[in-house]
Structures are given as C-alpha cells and as structure tokens.
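The next block holds one structure in the form of structure tokens; read it before the comments.
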C-alpha cells in the first residue's frame, strides 16, 4: 500500500500549551481510518495539520508523497486533492447546485462537466431532487449530505470527516454512514474520520487511532483496538469512564 501521509515528530502548540505531539504516524491509501479520543486530545488539530490547514511547529510532514515546505503553490495543488466535511458544514447563500458546484468552478472546470459532476454527486447522496432548493433551508441531515456531495464532486483522493453525524438525527446518521462506506469501497477514496460514536467507529473504520493529550496512545486494526487494547487508558475510554 502507498502511504498518503507520514508524520515524524510533528508538534503543534497554542501559546504555552502543546496540543499535538506525534512521534510517528503513517496513513495508507484505500482505507477508512477512525480517530477516537477524549475532548481536547488533539484529534481535530491532527486532522487540520495533515489536511494542510494548520501549520505544524516542528517535525517532518509528508502528504501525498511530498515533503511539505508550505509554499503556496504546493499547498494549493495538494489541498485540491483533498476535501473536508465538518460537523456543521457551511452552506453558501444560493441553491444546492451552486453549493456543490462551488469547488468545481474554483478549479475552472468546464460548465458541462460541472453539471454532470454535480448531478452525479447529488444522486449518489440521494439529494438530486433538491438540486434547485435553497441550501440554507435544508435540514441538518440534508446539509450534511450536500456537504459530502460537494466534497465528492471534486473527486478527492482523501476525504476528511470531522464528526459528520454529531448534530443530526439518527436516521440521517445511518444514511450518511452507508454513503461513507460506499464512497470508500466503490470510489477507493481514503477516508479519515473523527467520531465520538464508538459504534460508528467499529462499523466503518478498518484502522483506528486513539489520541490522548496530543499523543497517539494506541493504533492498529479496529477489531484489535476494541477487543484487546494495550493501554489501560484506552480500556477506560472504551468503557465510557473518560
């Protein structure tokens, strides 16, 4: 397997507080990776660093096979091969079509191709009937589906999901989980998922990281982490004691 991300002694500080300290991490192509951990453990910071949205303070970072030197031209080229959906994805003023087409148009995609890709993405997420609907009037679950469709329309190599179902109803969560699995299996998109839902992590992720105080406390196949965790803090977390 090809390593999409490699981190060596990567740290991030905010003021006097160190929020991330990863000695070594490799993420290979093609899998769904789950990131678990208590609030404030560094999950979102890790996601933002490897998605090139937050500059690390020290260490070596490789993304999509390139050593990152944070030059604007490099960042733009690599960021355009990745996409992120957060727990409260922003909808632009305008229609669902406008929102899903946004990333394609910033990439100067020809208009006929924009229409095809928007329709394909919305159809995949079951939202094609809403193509002309005002995006900001959608329900929470509908907005998340549109946000995922917007991310998929640009055909990313990597899709980052930061608590994508935390603010929506259970039925929409189940639908989105099925879409996540389909996207990984049928489109071979690597997915990196932060979630506080343990059942969701077990259901979707093949590999798992558990973070604690900015460190990766434990990592490995999801089944191993849930059934035979090595660290006592992992066991307590999985039992809901943290």
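Any read-out appearing in this document is the output of simple, stated calculations on the displayed coordinates, not a laboratory observation. Given the structure is predicted, the values throughout are model-derived calculations rather than measurements. Here Cβ is always computed from backbone atoms with ideal geometry, including for glycine, and neighbour counts include all displayed protein chains.
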Additional length obtainable on full extension of the chain from residue 88 to residue 166, 0.36 nm per residue less Cα span: 27.2 nm
Packing-based order for 190-202, 214-226, using average beta carbon neighbours within 10 Å, highest first: 190-202, 214-226
Using alpha-carbon coordinates, inclination of helix 140-153 to the longest axis of the chain, degrees: 90 degrees
Net lengthening on full extension, residue 29/residue 17 (0.36 nm per residue, minus Cα-Cα): 1.1 nm
Rough spin-label spacing in nm, given labels placed 7 Å along Cα→Cβ, for residue 133 and residue 53: 2.5 nm
Spin-label proximity, residue 67 to the stretch 1-25 - amide N less than 19 Å from point 7 Å beyond Cα toward beta carbon: 3-11, 23-25
Relative packing of peptides 137-149, 14-26 - highest average C-beta neighbours within 10 Å first: 137-149, 14-26
Spin-label model distance (nm) - residue 105 vs residue 235, 7 Å beyond Cα toward Cβ: 5.6 nm
